[in-house]
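The block underneath contains the structure these notes are about, expressed in C-alpha cells.
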Amino acid sequence: MTRPAAPELLVAPEPLPAPVIDTHTHLNLHDRYLHGDAVPEADGLLALAAGVGVTKVVQIGCDVEYARHSVALAQTRPDVIVGVSVHPNDAARMHERDGEHALNEALAEIAVLARDDVVRAVGETGLDYYRTDESLHAVQQRAFRWHIDLANELDKTLVIHDRDSHDDVMAVLLEQGPPSRVVFHCFSGDAEMAARCAEHGWFMSFAGPITYKANDGLRAALAVVPDELLLVETDAPYLTPVPHRGKPNASYLMPHTVRFMAAQRGVEVEAMCHLLYDNAQRAFGTW
C-alpha cells in the first residue's frame, strides 16, 4: 500500500528575539501525522524550532510505547525533557477493550519510566469527557488519581489534560492533593477558572487556540493569568495557530502564538519571551 505524500513544511515565522520553551509537544505523533508509519525523525523538527528561537521542548509520551520512545529521545538530546502517562482517553479505551488488568499493567510501566532523570513530568493526565462515554468517567478519574499520586511520590510536575471536565478536574485534583507544581496544558477554561487556578499557584499553558477568532473567553482568561504562572506550548501536531490553522503544527510555528500573547497582554515580544522561558524552567526544573 502506498503511503500518502507528506505535506510540505510551512514557512517558518520570523525568529523570536529571545529563546522560549515549547512546554508541550508530541514529536512522535507529529511524525506519524505527517509521514504515516515512517520512523520518527525528531532532530529535523527540533532544528527548525531552534532556528526560530524555540530552543527547548517538553516532549509528552502519553501511552506506554511513546513514553518509552520519548525517554530514549531525551537521553540523547539535552534540549528535551519528558512527561509520561497513560492519556485519559487511552485509559478509558484500554479498560473497556482489555480490562482493568491491562490498564494496571500500563500504569505500572509508566511508574517505572517516570523514575528516569529525563522525565520531569507526570502527564498529560486528567479527564476528557468529550471523547469518553459517561460510563467510563470513573475509569478516567481513577487513572487521574493514580497519576496525581505518582507525581507526588516522585516530586514531578503534574501536567493536566482537561476537556469538557473543568469542575471534575478541579475537584479530583483538590481531593487527591496536588503536587507542588501543576500545569494545565492547553488551558481551555474561562477567566473565573483561571483565577481559581491562580489562587492555587497552578501554571496555565496557552496554545494555538488563543489565536482563533471565536475564542474571546479564552483571551479573557489569558488576561487574568498572573505573569509568574503563564506558559506557552504547541500541543503539536494539533492546535496550529493562525495563520496556519488547519495545517500540521510543530514547535517552529510557536512564535505566532508568543507574539499574539504579547500583543494581547500589551508587552514587548522580547519581554514575553523572557517571562515564558523563566516560567518554564520554574515549572519543570532547569535544563
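The values are calculated or read from the model by the stated rules, or taken from the named source; none is laboratory data. Because the structure is predicted, anything quoted here is derived from the model rather than measured. Here the Cβ positions follow ideal geometry from the backbone for every residue, glycine too, while neighbour counts run over all protein chains shown.
For the range 171-181, give me each residue that is among the aliphatic types (A, V, I, L, M) and out of contact with any helix residue (DSSP H, G or I) (no Cβ under 7 Å at 6 or more places or on another chain).
If we filter the range 171-181 for residues that are among the aliphatic types (A, V, I, L, M), which is where we start, we get 171-174.
Those that are among the aliphatic types (A, V, I, L, M) and out of contact with any helix residue (DSSP H, G or I) (no Cβ under 7 Å at 6 or more places or on another chain): Ala171, Leu174.
In the range 242-252, what residues are more than 15 Å from the chain's Cα centre (by Cα) and of a type outside the set (Val, Ile, Thr)? Spell out the reasoning first.
Residues of the range 242-252 more than 15 Å from the chain's Cα centre (by Cα): 242-248, 252.
If the condition is that a residue be more than 15 Å from the chain's Cα centre (by Cα) and of a type outside the set (Val, Ile, Thr), then Pro243, His244, Arg245, Gly246, Lys247, Pro248, Tyr252 are the ones that fit.
Does the range 231-243 hold any residues that are surrounded by fewer than 23 Cβ atoms within 10 Å (Cβ to Cβ) and more than 20 Å from Gly44 (Cα to Cα), and which are they?
First pass over the range 231-243, keeping only residues surrounded by fewer than 23 Cβ atoms within 10 Å (Cβ to Cβ): 237-239, 242-243.
Across the range 231-243, the qualifying residues are Leu239, Val242, Pro243.
Pairs under 7 Å by beta carbon, first residue free of Cβ contacts under 8 Å to residues at least 60 places away in the same chain in the range 198-221, partner in a strand (DSSP E or B), six or more apart or different chains? Sorted first by the residue in the range 198-221, then by its partner, the pairs are Trp202/Val182; Trp202/Phe184; Met204/Phe184; Met204/Leu230; Met204/Leu231; Phe206/Val232.
Residues checked against (1) outside any loop (DSSP other than H, G, I, E, B); (2) within 15 Å of Thr125 (Cα to Cα); (3) among the small types (Gly, Ala, Ser); (4) out of contact with any His (no Cβ under 8 Å at 6 or more places or on another chain):
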{"residue": "Met170", "(1), (2), (3), (4)": "yes, yes, no, yes"}
{"residue": "Glu175", "(1), (2), (3), (4)": "yes, no, no, yes"}
{"residue": "Gly189", "(1), (2), (3), (4)": "no, no, yes, no"}
{"residue": "Arg196", "(1), (2), (3), (4)": "yes, no, no, yes"}
{"residue": "Gly201", "(1), (2), (3), (4)": "no, no, yes, yes"}
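Evaluating Asn152 against the criteria (1) among the polar types (S, T, N, Q); (2) within 19 Å of Gly285 (Cβ to Cβ); (3) surrounded by 21 or more Cβ atoms within 10 Å (Cβ to Cβ) leaves one unmet condition, (3). Just so you know, in the range 103-144 the residues that are in contact with a helix residue (DSSP H, G or I) (Cβ under 6 Å, 6 or more places away or on another chain), more than 24 Å from Ser180 (Cβ to Cβ) and at pLDDT 95 or above include one that is surrounded by the fewest Cβ atoms within 10 Å (Cβ to Cβ), and it is Glu109. Do the conditions hold for Gly51, that is, is it closer than 19 Å to Thr234 by Cβ and surrounded by fewer than 17 Cβ atoms within 10 Å (Cβ to Cβ)? Yes; evaluated as a whole, the condition is true for this residue. Looking at Ser188, Ser180, just one residue is under 27 Å from Asn249 (Cα atoms) and in contact (Cβ under 8 Å) with a residue 12 or more places away in the chain, and that residue is Ser188. For the range 260-287, the set of residues classified as in a helix (DSSP H, G or I), in contact (Cβ under 8 Å) with a residue 40 or more places away in the chain and more than 17 Å from the chain's Cα centre (by Cα) consists of Phe260, Met261, Gln264, Arg265, Val269, Glu270, Cys273, His274, Leu275, listed by residue number. Note on the range 62-96: among residues that are surrounded by fewer than 22 Cβ atoms within 10 Å (Cβ to Cβ) and polar (S, T, N, Q), the one that is nearest to Leu150 (Cα to Cα) is Asn89. Across the range 145-161, the number of residues qualifying as touching a helix residue (DSSP H, G or I) at 6+ places or on another chain (Cβ under 7 Å) and either more than 20 Å from Ala67 (Cα to Cα) or of a type outside the set (D, E, K, R) (or both) comes to 7.
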